[in-house]
Amino acid sequence: MATKPDLESAACPKIVNDERIVLMGLLTEATARLHRELDVELERSSGMPLGFFDVLVRIRRSPEGRLTMSEVAKQTVYTSGGTTRLIDRIADAGYVQRANCPSDRRTTYVELTAKGLKALDAAMVAHLVHLETHLTSKLSETERSVLIAALTKLNGGSTSCARSEV
């Protein structure tokens with residue numbers, strides 16, 4: 001039988017309040033809260049779930065206007081199987097289509113449809129208002145710049161969410 005941990009030990013309060021644990025907890029809480037709030041607001045205002053929006057933005061932002069299934073999985077929080085199911089749902093809504101790669105039969109691209117582009121444009125207008133309410137208005141311009149730089153660094157310098165000219 002496992003013994004009950006000694007929660008009164010001198011090390012325990014110090015460890016649970018370690019800056020690294022606090023930082024990760026705050027990052028996780030902020031992400032989860034923002035995701036819940038923004039998902040509800042976006043779905044209410046545009047009928048589009050935040051997961052759909054995230055994928056559509058990434059496709060639109062990509063230089064070729066398409067992403068492979070593995071690129072979608074890499075840029076989002078979904079597993080390979082989760083990405084397939086999500087893309088199936090987005091395709092069922094008529095927002096994306098799959099296209100085969102002519103040089104590699106194993107590769108499938110995901111591209112926006114005209115309906116997806118129109119829906120994304122409409123959702124983007126509403127989402128910007130929601131982002132202002134729940135995120136950007138709570139931070140100064142300097143804080144936003146520092147946060148963007150820090151998160152980019154944590155993502156290994158990844159620019160998959162970085163601004164680009166479309």
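The values are calculated or read from the model by the stated rules, or taken from the named source; none is laboratory data. Small disclaimer: the values here were computed from a predicted structure and weren't measured. Please note: Cβ atoms are built from the backbone with ideal geometry, for glycine as well, and neighbour counts cover all protein chains shown.
Please state which one of Ile148, Ile59 is surrounded by 13 or more Cβ atoms within 10 Å (Cβ to Cβ), in contact with a strand residue (DSSP E or B) (Cβ under 6 Å, 6 or more places away or on another chain) and in a helix (DSSP H, G or I).
Details: Ile148 fails: in contact with a strand residue (DSSP E or B) (Cβ under 6 Å, 6 or more places away or on another chain).
Result: Ile59 is the single residue among Ile148, Ile59 that is surrounded by 13 or more Cβ atoms within 10 Å (Cβ to Cβ), in contact with a strand residue (DSSP E or B) (Cβ under 6 Å, 6 or more places away or on another chain) and in a helix (DSSP H, G or I).
If you take the residues in region 62-74 that are hydrophobic (A, V, I, L, M, F, W, C) and either touching a Ser or Thr at 6+ places or on another chain (Cβ under 9 Å) or within 21 Å of Thr28 (Cα to Cα) (or both), which one is surrounded by the most Cβ atoms within 10 Å (Cβ to Cβ)?
Quick first cut of region 62-74, residues hydrophobic (A, V, I, L, M, F, W, C) only: 67, 69, 72-73.
From what is left, the residues that are either touching a Ser or Thr at 6+ places or on another chain (Cβ under 9 Å) or within 21 Å of Thr28 (Cα to Cα) (or both) are 69, 72-73.
Values: Met69: 16, Val72: 24, Ala73: 19.
Looking at the filtered set, the residue picked out is Val72.
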request  = Report, ordered by the first and then the second residue, all pairs with beta carbons closer than 6 Å, sequence separation of six or more or different chains, a first member in region 97-110 that is free of Cβ contacts under 8 Å to residues at least 12 places away in the same chain and under 14 Å from Glu64 (Cα atoms), and a second member that is of a type in the set (Lys, Arg) and loosely packed, with under 10 Cβ neighbours inside 10 Å.
outcome  = none
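Scan Leu112, Leu50 and give me the residue that is over 25 Å from Arg36 (Cβ atoms), in contact with a helix residue (DSSP H, G or I) (Cβ under 9 Å, 6 or more places away or on another chain), crowded, with 18+ Cβ neighbours inside 10 Å and at pLDDT 95 or above. If you could, list the steps in order and put the result at the bottom.
Details: Leu50 fails: over 25 Å from Arg36 (Cβ atoms).
Residue meeting the stated conditions: Leu112.
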ask   = For Val77, which of the numbered conditions (1) hydrophobic (A, V, I, L, M, F, W, C); (2) free of Cβ contacts under 8 Å to residues at least 60 places away in the same chain; (3) crowded, with 18+ Cβ neighbours inside 10 Å; (4) not in a helix (DSSP H, G or I) fails to hold?
value = (3)
remark   = When (1) within 13 Å of the chain's Cα centre (by Cα); (2) basic (Lys, Arg); (3) modelled with pLDDT of 95 or more are applied to Arg44, the one that fails is (1)
message = Checking Met124 against (1) assigned to a helix (DSSP H, G or I); (2) at pLDDT below 95; (3) among the hydrophobic types (A, V, I, L, M, F, W, C), only one condition comes out false. Which one?
response = (2)
